[in-house]
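Scroll down for the structure; my scribbles are underneath it.
The values are calculated or read from the model by the stated rules, or taken from the named source; none is laboratory data. No experiment lies behind these values; they were computed from the predicted model shown. In this analysis, Cβ positions are derived from the backbone assuming ideal geometry, glycine residues included, and neighbour counts consider all displayed protein chains.
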Amino acid sequence: MRRPAPEPTQAPSAGEAARRLNDFEEKWAGKYPSIAPAWRRAWAEVTPFYAFSAAIRKIIYTTNAVESLNRVLRKTLKTKGSFPTEEAATKLIFLAIRNFERGGRAVREWVAVRNQLATMLAGRLDA
C-alpha cells in the first residue's frame, strides 16, 4: 500500500499548505508518524516556492522533465566536444531544446511557465 502524501505542494499558498499539513497530521499521524515531522523540518525550504505560480511550482516539482532535458543537453554537448565560439555552443543548445520540445517529451505547460519566468526575471532570461 502506498503511503498518503500531505500534498502541501499543490496548495495555492503557504498558509493553505500549512493548514493541509495540519489536517494530514491529524488524520494519519497514528499510522504514519514520521511524515508530518519530516515536512515540518523542511518547511523553511518548502515555503519559498509559494512565491511562484502553481504552474511554475509544478515544473520545479516535476524533476523527471528537468532531468530528461538535462540528459538531452549532456548527450548533445558530449558528442560535439569543443566549440569554436560561445555562439556556436549557444546555437547547439537552442537546437537541442527545440528538438526536445518538438519531440513531445517536454512538459505541456512549459511555454506558459517560460513566459511567466521571463516576466518575473526580466533581463535575466533574455537571450
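What to note about this one:
- Residues in the stretch 79-100 that are surrounded by fewer than 10 Cβ atoms within 10 Å (Cβ to Cβ) and outside any helix (DSSP H, G or I): Gly81, Ser82, Pro84, Thr85.
- Test set (1) surrounded by 15 or more Cβ atoms within 10 Å (Cβ to Cβ); (2) closer than 21 Å to Ala118 by Cβ; (3) at pLDDT below 85 - Thr62 fails condition number: (1)
Conditions tested, residue by residue: (1) in contact with an Asp or Glu (Cβ under 7 Å, 6 or more places away or on another chain); (2) part of a helix (DSSP H, G or I).
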{"position": "Tyr32", "(1), (2)": "no, no"}
{"position": "Trp39", "(1), (2)": "no, yes"}
{"position": "Phe49", "(1), (2)": "no, yes"}
{"position": "Ala55", "(1), (2)": "yes, yes"}
{"position": "Asn64", "(1), (2)": "no, yes"}
{"position": "Arg71", "(1), (2)": "no, yes"}
{"position": "Arg74", "(1), (2)": "no, yes"}
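- The C-beta contact set for the stretch 35-63 (first residue closer than 20 Å to Pro12 by Cβ and in contact (Cβ under 8 Å) with a residue 24 or more places away in the chain, second residue among the basic types (Lys, Arg) and in a helix (DSSP H, G or I), distance under 8 angstrom, 6+ apart or interchain) comprises Phe49/Arg57; Tyr50/Arg57.
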